[in-house]
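Values quoted throughout were computed directly from the atomic coordinates according to the rules given, and no laboratory measurement underlies them. Predicted model only: the values in this text are computed from it and were never measured. Neighbour counts are summed over all protein chains in view; Cβ atoms, including those assigned to glycine, are modelled from backbone coordinates with ideal geometry.
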Amino acid sequence: MMAAMLPVMGQTWLGGDISMMTSNARNGVIYKDSCGVTVDSYDLFRQQGWNMMRVRLFVDPQNAPGRHHDEGVCQNLDYVIDLCKTIKARGFEVMLDFHYSDTWADPAKQFTPKRWEGLDAKVLTDSIYRYTRNCLLALKTAGVVPATIQVGNEITFGMDWPVGRVDPMKAENWDIFTGLLKAGCKACREVCPSAGIIIHTEKAGVWEMTRNYYDRLKEAGVDYDIIGLSYYPMWHGTIPNLGRTLDLLAERFPDKPVMIVEAAYYYLHDGVNRGEEDFTNCPPGTIEGQREFTAQLVKELNRHDNVTGLFWWYPEENRYGTRFEHSNWGLNRGLFNSANGQALPAFYEMSRFKR
């Protein structure tokens, strides 16, 4: 199916990964607008022009390490179906994010799920196909067909290591990895033919790696629609550098729109270095610094016709009004102030995307 035939491709999408929203609701988290008035969070999202919500799905999250449970690894299929029903009922579209793992999948870790450990490439490929298909059929039966689907999360270096591990700067193992991708994409096309398929990578600040990666997908004939990028300034360089990558993607892959499927920045930095963060060219980790970052990012993205989506990662982070079960996981990158529950200025800057 050609990308132009997909309804999702002709629109602009604004939202966030709200995968913890169900847990927040269960724990009585209180959300307020910028004036301090208690609000329904979904109503507030809608008022600011949000129209699609991203939800992650783990294979068997009960197998994740205990500390990862404390960080919010709980999204099994039942949890995801319940949350997606709420999202759809409140008038938003769904972006489903397959983490083909029992826990966090990102460039530093793509752990094979326990149920697939030790499988060879052929059996693993079939397992990904069947798992993806079964999950989508369950969502479809529940009346929550995703508008977009990520086949993998931040899979710059492949997924389901060691079988599906690759390096964009090296030629080895791409036939196996793209075979895994093709299996997931095939299941998406079969069950959700109108959904836009996203391939999500994390090296937006390194053009050569981004170019090589998507070149290899093209050479292998991977059937997808949208290039998905993560962008965090402390890991991926300056906003102008991101703009260069977006310009070059438009030239090299004119048929592939781009979505920033993850972006976030601190409103309060606790001094902890998380994964080689570099703040040399970043705004301060303050409420105003977060607003400044968001305003600059939105201004840059609005220059690029190929950019069709912007999603904040973990915007619902908020521990106000409750003894929250994940209290040890305070990143302070959300769009609500955990000290008082109020929406932060950056939240309102998001609404300027493509307006």
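Numbers for the structure displayed
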| read-out | value |
| --- | --- |
| Rg/Rh (Cα only; Kirkwood hydrodynamic radius) as it applies to region 15-350 | 0.94 |
| Beta bridges by DSSP in the chain, antiparallel share as percent, to the nearest 5 | 10 percent |
| Ranked D40, D102, criterion: other C-beta atoms within 10 Å, fewest first | D40, D102 |
| Volume per residue of the C-alpha convex hull in region 192-247, rounded to whole Å³ | 83 Å³ |
| Per principal axis, descending, Cα span of region 168-291 in whole Å | 45, 31, 27 |
| Phi-based couplings in Hz for region 28-34 (Karplus 6.51, -1.76, 1.60; Gly and Pro marked x) | x, 4, 9, 10, 10, 7, 5 |
| Pairwise label distance in nanometres, R252 with W207, each label 7 Å out on the Cα-Cβ vector | 0.9 nm |
| Percent RCO, i.e. relative contact order, over the chain, from Cα pairs under 8 Å lying at least 6 residues apart | 21 percent |
| Order of V8, V145 under a 10 Å beta carbon neighbour criterion, fewest first | V145, V8 |
| Fewest-first ranking of S127, S41, S194, S101, using other Cβ atoms within 10 Å as the exposure measure | S194, S127, S41, S101 |
